[in-house]
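Take a look at the structure set out below.
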Amino acid sequence: MSKKIGLFYGTTTGTTESIAETIKEMLGSDIVDLYDISEVELEDFSEYEYLIIGCSTWNLGELQSDWDSFFESLDEIDFDGKTVAYFGPGDQIGYGDSFQDAIGMLEEKISSLGGTTVGYTSTKGYDFNESKAVRDNNQFCGLAIDEDNQSNLTEERIIAWVEQLKKEFKL
């Protein structure tokens, strides 16, 4: 039996959706189910042991609007035994004081509800002041994408992260 992964994302401009589709393609379309968070039911999360959460950071450290609307509903989901990876697009130059805050807020919430985080990535190669997504050892709690300033690095960052997830999800 193959393992299925639920990939839940919120998108406003289409960037997060595009990254989600790329991740699905690289992991395997047969094992990844995509969900736009604006259209999910709480029980959609229960079907998966492995989750990928995609959310961009808006304005000064805010969740993308669909995730913002769904955020309180996370309390009603049992994340015990679930392995969760996070990714998000952001702008490290224009919003250097809140770069990747959204995935940091989601990771903190879901971890407090029993989710186990995987997919940590290094902060090396980024230029920002502060981020709620930075954890011990100067690592982001997920994949940080900056299409505004480092779009030339997006593909290689996704490829490396997907390879990492294959190991951490034991695929």
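General observations
- GNM top mover of Val134, Val40, Val84 - the chain, alpha-carbon springs below 10 Å: Val40
- Using alpha carbons only: equivalent-ellipsoid semi-axes of region 33-94, gyration tensor based, whole Å: 23, 13, 10
- Vicinal HN-Hα couplings computed from phi for region 45-52 (Karplus, 6.51 cos²θ - 1.76 cosθ + 1.60; Hz; Gly/Pro x): 6, 5, 6, 10, 7, 10, 10, 10
- The residues Arg135, Arg157, sorted by heavy-atom accessible surface at 1.4 Å with ligands and nucleic acids left out, run Arg135, Arg157 from largest to smallest.
- The sum of -39500 (n - 2.57) across all DSSP H runs of n ≥ 4, divided by the residue count of the chain, sets its helix-only mean residue ellipticity at 222 nm to -9000 deg cm²/dmol.
- Of all the options Glu130, Glu43, Glu62, the one that moves most in a Gaussian network model of the chain with Cα springs shorter than 10 angstrom is Glu43.
- Sequence-ordered 3J(HN,Hα) estimates for region 139-154 from the Karplus curve with 6.51, -1.76 and 1.60 and θ = phi - 60° stand at 10, 6, 7, x, 8, 9, 10, 10, 5, 6, 10, 9, 4, 5, 9, 4 Hz, glycine and proline given as x.
- Protein heavy-atom accessible surface, 1.4 Å probe, per residue over the chain: 48 Å².
- Out-of-range pairs (alpha-carbon distance over 18 Å; input Lys4/Lys132; Lys109/Lys132; Lys4/Lys109): Lys4/Lys132; Lys4/Lys109
- Here the chain is treated as a sphere whose radius is the Kirkwood value from Cα pairs; by Stokes-Einstein at 37 °C and 0.692 mPa s it diffuses with a coefficient of 210 µm²/s.
- Taken about its Cα centre, the chain carries a charge dipole of about 820 debye when Lys and Arg each add +1 at the Cβ and Asp and Glu each add -1 at the Cβ.
- The DSSP beta bridges internal to region 60-171 are antiparallel in roughly 40% of cases.
- With Cα atoms defining each centre, region 7-63 and region 79-109 are spaced 12 Å apart in the structure.
- Using R0 = 35 Å, the C-beta based FRET efficiency linking Asp33 and Lys124 works out to 0.60.
- Protein accessible area in the chain, 1.4 Å probe - carbon and sulfur %: 42 percent
The values are calculated or read from the model by the stated rules, or taken from the named source; none is laboratory data. Not measured: the values here are computed from a predicted model. Note that we place each Cβ from the backbone using ideal geometry, even for glycine, and neighbour counts take in every protein chain shown. We work out accessible area using only protein heavy atoms, side chains counted, and drop any ligands, DNA or RNA first. Shrake-Rupley method; radii C 1.70, N 1.55, O 1.52, S 1.80 Å.
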